[in-house]
Amino acid sequence: MSALPVSVTIDNTLGAVLVGFAVSCCIYGILFSQVFTYFSNYPEDRVVYKFLVVLLLCMETADQVMIGHILYFYGITNYANILVLLKAETTWSIILQQTIGAIVGAIVKTNFTLRVWRFSERNVYITSIVMVLVLSQLGLSLAFTVEAFKLPTIFAAVKIRTLGSIALGAGVLTDIAIAVSLCYFLNRLRTGYQQSDTLVSSLVRYAINTGAVTGAVSLTTLILYNLMPTNLVFAATYFILSKFYAISFMATLNTRRIVRGKGTDRQVTSNNTNLFHLGTRVSAVVGPRTDLEDGWESAYTLTSSQAQMSGQTKSLTSPSSSSSPYSYSRPYSHGLFPQNSYHPGTDTFAPQSLTYGQAL
């Protein structure tokens with residue numbers, strides 16, 4: 001029977017697991033509230049998004065149960081049993097917990113990679129690089145799971161520290177690559193129009209913040225795993241990592257209505273120009289949306305065509321000929337185009353009898 005490493009105490013093993021479990025419970029509550037908000041506000045959303053939401057919630061619930069099992073096994077079932085701590089046998093829950101976390105992260109990162117693909121104008125090379133990073137991290141995590149089941153004790157995880165470090169490092173690199181790619185391609189959408197540029201700036205900040213939070217937690221876990229591999233402090237930070245990924249995905253879905261203005265997930269508006277509506281229909285100006293397109297894609301299409309739309313609008317608003325089929329006597333009101341995200345309350349003139357799509 002092997003003795004505990006000198007640096008191992010109750011505080012940095014069971015204590016760390018307890019603190020990690022408590023914090024993860026709080027974050028799980030936030031995730032659950034996000035899911036409730038999603039189904040309340042978007043009851044008619046597309047099936048693929050509903051499926052992903054339910055899948056992530058189920059996986060995070062299982063993740064939370066496994067963390068609870070770790071704490072219960074060592075803190076309750078074997079309370080004051082010093083032999084269990086000395087032996088420190090690896091439990092199935094502590095291994096599968098990290099596997100579930102890796103799968104959740106891969107699902108969310110794949111969704112973000114699709115955005116990179118859209119905003120890069122279907123750039124196969126950039127998207128392939130990011131996707132290879134996502135799949136590499138997932139593959140390394142699964143390999144870590146296989147090797148972990150071969151370990152005799154928890155503290156023997158130091159033997160596969162290199163594999164675990166590479167997997168965590170790949171996660172940090174993937175977060176950075178996605179954030180940088182989105183920021184670069186989003187900034188290319190700037191047209192000089194204040195309102196459209198403001199929306200682009202908001203999405204850039206969102207991409208940075210999302211990558212910064214998940215990347216920071218991944219980097220913290222990586223550092224702790226290498227500095228203190230013989231205790232479970234690093235596990236406490238890993239407990240919350242996958243939940244941050246799930247929350248970032250849910251926040252993307254739940255902020256659609258805030259970004260695009262009024263309306264629901266499938267409500268048809270008079271002018272069909274809602275912006276940044278993830279998982280909803282694209283404006284009639286740009287044609288029907290495919291199943292792979294989301295609100296960021298429609299924002300890209302509308303923003304890139306903003307200059308053309310403005311030029312057409314100016315030509316329509318200039319009463320250069322009395323024979324013109326469009327004659328304008330007053331500026332349109334907000335009530336005429338209640339969902340026009342690019343031109344709310346501007347001085348553009350339009351005929352009251354025409355919708356915005358028809359005028360174009």
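Observations, loosely collected:
- Scanning the stretch 207-235 for residues that are in contact with a helix residue (DSSP H, G or I) (Cβ under 6 Å, 6 or more places away or on another chain), at pLDDT below 90 and small (Gly, Ala, Ser) turns up Ala207, Gly211, Gly215.
- Exactly one residue among Gly29, Gly75, Gly105 is part of a helix (DSSP H, G or I) and out of contact with any helix residue (DSSP H, G or I) (no Cβ under 6 Å at 6 or more places or on another chain), and that residue is Gly29.
Per-residue answers, yes or no, for (1) crowded, with 19+ Cβ neighbours inside 10 Å; (2) in contact (Cβ under 8 Å) with a residue 24 or more places away in the chain; (3) over 23 Å from Cys25 (Cβ atoms):
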residue: Arg46; (1), (2), (3): no, yes, yes
residue: Tyr49; (1), (2), (3): yes, yes, yes
residue: Met66; (1), (2), (3): yes, yes, no
residue: His69; (1), (2), (3): no, yes, no
residue: Gly75; (1), (2), (3): no, yes, no
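- Condition met for Glu121 (among the acidic types (Asp, Glu) and either farther than 25 Å from Val48 by Cα or at pLDDT 90 or above (or both)): no
- Condition met for Glu44 (acidic (Asp, Glu) and modelled with pLDDT of 95 or more): no
- Ile208 vs. criteria under 23 Å from Ala106 (Cβ atoms), β-branched (Val, Ile, Thr) and in contact with a Phe, Trp or Tyr (Cβ under 6 Å, 6 or more places away or on another chain): no
The values are calculated or read from the model by the stated rules, or taken from the named source; none is laboratory data. Keep in mind that what you see is a predicted model, and the values were worked out from it rather than measured. Glycine also receives a Cβ, built like all others from the backbone with ideal geometry; neighbour counts cover every protein chain displayed.
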